[in-house]
1. Tell me the net charge near Ile92. Cut-off is 10 Å between Cβ atoms, Ile92 excluded, with +1 for each Lys or Arg and -1 for each Asp or Glu.
2. Counting only DSSP beta bridges with both residues in the chain, what percent are antiparallel, rounded to the nearest 5?
3. Kindly rank 34-47, 55-68 from highest to lowest mean number of other beta carbons found within 10 Å of each residue.
4. With charges only on Cβ, +1 for K and R and -1 for D and E, what is the dipole size of the stretch 16-109 about its Cα centre, in debye, rounded to 20?
5. Against the longest principal axis of the chain, how steep is helix 16-27, in degrees 0 to 90 to the nearest 10, with axes from Cα atoms?
6. Mind giving me the FRET efficiency for Phe111 and Met13? R0 is 30 Å, r the Cβ-Cβ distance, nearest 0.05 is fine.
7. Within the stretch 65-112, report the chymotrypsin sites (Phe, Trp or Tyr not before Pro) that DSSP leaves as loop and that have at most 14 other Cβ atoms within 10 Å.
8. Please turn the phi angles of the stretch 89-96 into ³J(HN,Hα) values with the Karplus equation 6.51 cos²θ - 1.76 cosθ + 1.60 (θ = phi - 60°), one per residue in order, whole Hz, x for glycine and proline.
Amino acid sequence: MGSLISRAVPANMSGPVAEFVKSAIAKDKVVIFSKTYCPYCTMAKEPFKKLNVEYTCYELDKRNDGDEIQSVLGEMTGARTVPRVFVDGNFIGGGTDVKKMYDDGRLAKLFA
């Protein structure tokens, strides 16, 4: 099991990892950047499962470039923490944000 705190890697917003992140976010309707052992990441995925909404998940603890991806996400969203959840290319938040959106019905409206 890895550390909950990853080391900060300076983000190169014009490099190949940043291009990968931008492309991944643009390619699929729902994209979650996650870590396999993170309870907030599980919290973020559950509402999509309940709504039967497919999502693409990138498990950063399983990737060699995970720390750099987190740095890019930090530049893009204001925080390096996971999960980072995107719908239709827009950042909607982390685990508690997605759960709250599900609980109050706002998440389902994004797929109506």
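1. 0
2. Details: 7 of 11 bridges.
The antiparallel fraction comes to roughly 65 percent.
3. 34-47, 55-68
4. Computed charge dipole of the stretch 16-109: roughly 300 debye.
5. Between the helix axis and the principal axis of the chain, the angle is about 10 degrees.
6. On the way: r = 30 Å, r/R0 = 1.00.
The formula returns an efficiency of 0.50 here.
7. Here the chymotrypsin sites (Phe, Trp or Tyr not before Pro) that fit, given the DSSP loop and packing criteria, are Phe111.
8. Coupling constants for the stretch 89-96: x, 9, 6, 10, x, x, x, 5 Hz.
Just so you know, all these numbers are worked out from the coordinates, no wet-lab data involved. Computed from a prediction, not measured in an experiment: that's the story for all the values here. Using ideal geometry, Cβ is built from the backbone for each residue, glycine included, and neighbour counts are taken over all protein chains shown.
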